[in-house]
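Below you'll find the structure, written out as structure tokens, and then a few comments.
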Amino acid sequence: MSQRVLFINVDHPMPLVNPKIVRRSRKLMSLWDDCFSLPNLLAKVRRNLAIDVQYRDLEGKRHLLRAEGALSELLQHEIDHLDGILMIDRAIDSKHVVFKDEWEKREKEEKMRL
């Protein structure tokens, strides 16, 4: 039997074996996502604001994790990786996939206008 494993480290190292999103909020958030797999790109994506993730720990004990905001986005991003989905696959549209240096330049210009 194959195992799907994520390791995240927010407040402490946390392995999630066979994580599965079992609930998604209807409320969405839009954000610029980046990824170590595509280090020079950013993609604007929509993610659920809150999710519940069912998983097992390394001893096989079942857990339910409720995540909101940044943790919710992180888990959705990493579970997508397990499913072979990259942030560019979730981009709002092709205009919302940009090189990081272009985005940083635009952000800097925008701040200077304010």
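Coordinate-derived values only; no laboratory data. All of these numbers come straight from a predicted model, not from anything done at the bench. When we count neighbours, we look across all protein chains shown, and the Cβ atoms used for this are built from the backbone with ideal geometry, even at glycine.
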Original post:
Could you give the angle, 0 to 90 degrees to the nearest 10, between helix 100-113's Cα long axis and the longest principal axis of the Cα atoms of the chain?
Top reply: 60 degrees
Original post:
Taking the Cα atoms of segment 5-113, what is the range of coordinates along each of the three principal axes, in descending order and whole Å?
Top reply: 52, 28, 26
Subject >> Lys/Arg +1, Asp/Glu -1 at C-beta; segment 5-113 dipole; positive extreme among 76, 12, 99 >> reply: 76
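With an 8 Å cut-off on Cα pairs and a minimum separation of 6 or more residues, tell me the relative contact order of segment 2-114 in percent. Show your work: numbers first, answer last.
Numbers: 174 pairs, mean separation 27.3, N = 113.
24 percent.
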Original post:
Ordered by residue, what ³J(HN,Hα) values in Hz, to whole numbers, does segment 37-45 give under the Karplus form 6.51 cos²θ - 1.76 cosθ + 1.60, where θ = phi - 60° and Gly and Pro are x?
Top reply: 6, 10, x, 9, 10, 10, 9, 7, 10
Original post:
Across segment 5-113, how many lysine pairs separated by 8 or more positions, or lying on different chains, have Cα atoms within less than 22 Å?
Top reply: 12
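Summing -39500 (n - 2.57) over the DSSP H runs of n ≥ 4 in the chain and dividing by its residue number, what mean residue ellipticity at 222 nm do you reach, to the nearest 500 deg cm²/dmol?
Computed mean residue ellipticity for the chain: -8000 deg cm²/dmol.
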Original post:
For the peptides 75-85, 101-111, 9-19, what is the packing order when you average, over each peptide's residues, the other Cβ atoms within 10 Å and list the highest mean first?
Top reply: 75-85, 9-19, 101-111
Original post:
Quick one: putting +1 on the C-beta of Lys and Arg, -1 on the C-beta of Asp and Glu, what dipole do you get for the chain around its Cα centre, in Debye to the nearest 20?
Top reply: 480 debye
Original post:
What is the Cα centroid distance between segment 37-74 and segment 10-27, reported in whole angstrom?
Top reply: 4 Å
